[in-house]
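Working notes for the structure below.
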Amino acid sequence: MKKTPLVLAGVLILAFAGAFFLYQNAHRGKPDGWEGPTGRSTPSAGTTAPAFSLKDVSGNVVESSHLLGKPTVINFFATWCLPCVEEIPGFVDVYNKYKDKGFELVGISLDTDTRKDLPAFVMNHRIAYRILVGDLATTRAYGGVSSLPTTIFIGKDGRIRNVHVGYLDRDAFDSEVRKLL
């Protein structure tokens, strides 16, 4: 009597049962609209942007409540991240183009070892928008921010309109910002 087909069937049944169990438990206890493909909670369109309180490069505390009522983009980046650095000139251009219309752009640096170099980085790249020093609580609130750059578009009502992970060229960034205005 061959047992191979019976053993294979048993293994498949156990695998499907385990996958179903993991799927069911991964969806429990999470707010609506916060489900990511990686199993981490990620913000999605329509959800309210999480609040934060972070220091800027000068050491001043900045509250996210200051951004309420304004079309806002939050860009999680690091100075060592090549795609992050490559998208900055386009971000600077778009920010300068729309800042008089109430547009806010906030860069949240996730640097650790190079944090002391952040003021020089801001100056060298002619960044006129606000740069804040990120922390673990903020990255967790925004879904873990597992990839850099991550750019979050927030409407005047404080709700997330779009989340973009990865490099964002100037034209695509400009198009998304216009949707917020």
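In summary, strands (runs of 3 or more DSSP E) completely within region 68-181 and bearing 1 or more residues that are closer than 22 Å to SER58 by Cα and of a type in the set (Ser, Thr, Tyr) occur at 72-77, 104-109.
Taking region 85-102 as the search range and keeping residues that are of a type in the set (A, V, I, L, M, F, W, C) and within 13 Å of PHE173 (Cα to Cα), which one is surrounded by the fewest Cβ atoms within 10 Å (Cβ to Cβ)? Among those that are of a type in the set (A, V, I, L, M, F, W, C) and within 13 Å of PHE173 (Cα to Cα), it is VAL92. Where residues in region 99-110 are touching a helix residue (DSSP H, G or I) at 6+ places or on another chain (Cβ under 8 Å) and of a type outside the set (Gly, Ala, Ser), which of them is farthest from SER146 (Cα to Cα)? Applying the filter and picking the extreme gives PHE103. Being modelled with pLDDT of 95 or more and touching a helix residue (DSSP H, G or I) at 6+ places or on another chain (Cβ under 8 Å) is the filter here, so list the residues in region 111-132 that pass it. Passing the criteria: HIS125, ARG126, ILE127, ALA128, TYR129, ILE131.
Name every residue in region 45-61 that is among the polar types (S, T, N, Q), closer than 17 Å to GLY155 by Cβ and assigned to a loop (DSSP other than H, G, I, E, B), in order of residue number. Matches in region 45-61: THR47 only. Per the listing PHE153, PHE76, PHE103, the residue uniquely in contact with a Pro (Cβ under 6 Å, 6 or more places away or on another chain) and on the phi < 0 side of the Ramachandran plot is PHE103. Applying the criterion of being exposed (fewer than 15 other Cβ atoms within 10 Å of the Cβ) and among the hydroxyl-bearing types (Ser, Thr, Tyr) to the residues of region 123-181, the residue that is farthest from the chain's Cα centre (by Cα) is SER175. Within region 93-116, the set of residues being among the aliphatic types (A, V, I, L, M) and farther than 17 Å from ARG178 by Cβ comprises VAL106, ILE108, LEU110.
Identify all residues within region 94-122 that are of a type outside the set (D, E, K, R), farther than 27 Å from ALA45 by Cβ and within 19 Å of the chain's Cα centre (by Cα); write none if there are none. Can you show your working first?
At the first step, the residues of region 94-122 found to be of a type outside the set (D, E, K, R) are 94-96, 98, 102-103, 105-110, 112, 114, 118-122.
Adding the requirement that they be farther than 27 Å from ALA45 by Cβ leaves 112, 114, 118-122.
Result: THR112, single match.
The values are calculated or read from the model by the stated rules, or taken from the named source; none is laboratory data. Owing to the predicted nature of the structure, the values given are computational and were not obtained by experimental measurement. Here Cβ is always computed from backbone atoms with ideal geometry, including for glycine, and neighbour counts include all displayed protein chains.
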